[in-house]
Amino acid sequence: MIKSINHVQVTIPFGGEEEAKRFYGGVLGLKQLIQPESLRATNSLWFELGALQLHLGCEDNAHRTNSRAHVAYNVDNIEQCRRTFEALGVEIYENTQIEGIKRFDIRDPFGNRLEIMEMTSV
């Protein structure tokens, strides 16, 4: 049966690859991976995300800004992340707080929701 998650795929519009590289590679600091030769023509980008991978696949007509679907990213210092995002002009969306977790949301340039979270107690 299922052991773990290997990767998560998020959609971006066709033609958004360069902007996605700037946001996910530059703003978020993720390392871009080289795809297997057999998949290089699939209009997608892959990034390393700890032990997992984040795949960005091109898809038009997706309603990203209306969706609650998201990936939650763990960080060590949420306040430092908040300051960095604000300095880069990334809009912060406050989220309902959960005991033991500090969190907020941002959106990528395509409207995908990203939850940024720091575990403060176990």
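What follows draws every value from the coordinates through simple rules; no lab data is involved. It should be emphasised that the depicted structure is a prediction, and the values quoted were computed from it without experimental measurement. Cβ atoms come from the backbone with ideal geometry, glycine included; neighbour counts cover every protein chain shown.
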Task: Antiparallel bridge percentage (DSSP; both residues within the chain; nearest 5) - done: 65 percent
Task: Residue order, fewest to most surrounding Cβ atoms within 10 angstrom, among I101, I5, I106 - done: I5, I101, I106
Open item on the list: If you fit an axis through the alpha-carbon atoms of helix 78-87 and take the longest principal axis of the Cα set of the chain, what angle between them do you get, 0 to 90°, nearest 10?
Closed with: 60 degrees
- [ ] Tell me the trypsin sites (Lys or Arg not before Pro) within segment 54-105 that lie in a loop according to DSSP and have at most 12 other beta-carbon atoms within 10 Å.
- [x] R68
Open item on the list: Quick one: 3J(HN,Hα) in Hz for segment 29-36, Karplus 6.51/-1.76/1.60 with θ = phi - 60°, rounded, Gly and Pro as x.
Closed with: x, 7, 7, 6, 9, 8, 6, x
Task: Total charge dipole magnitude, the chain, about the Cα centre, Cβ charges on Lys, Arg, Asp, Glu only, Debye to nearest 20 - done: 160 debye
Task: Packing-based order for 90-100, 18-28, using average beta carbon neighbours within 10 Å, highest first - done: 18-28, 90-100
Task: Interchain or long-range residues, amide H under 5 Å from E59's placed H - done: I12, F14
Task: Under Karplus coefficients 6.51, -1.76 and 1.60, residue-wise ³J(HN,Hα) of segment 12-23 in Hz, glycine/proline x - done: 10, x, 4, x, x, 4, 5, 5, 5, 4, 5, 6
Task: Rel. contact order, % - alpha carbon contacts under 8 angstrom, at least six apart, segment 33-122 - done: 25 percent
Open item on the list: For the chain, what does the helix formula give at 222 nm: sum of -39500 (n - 2.57) over DSSP H segments with n ≥ 4, over the residue count, nearest 500 deg cm²/dmol?
Closed with: -3000 deg cm²/dmol
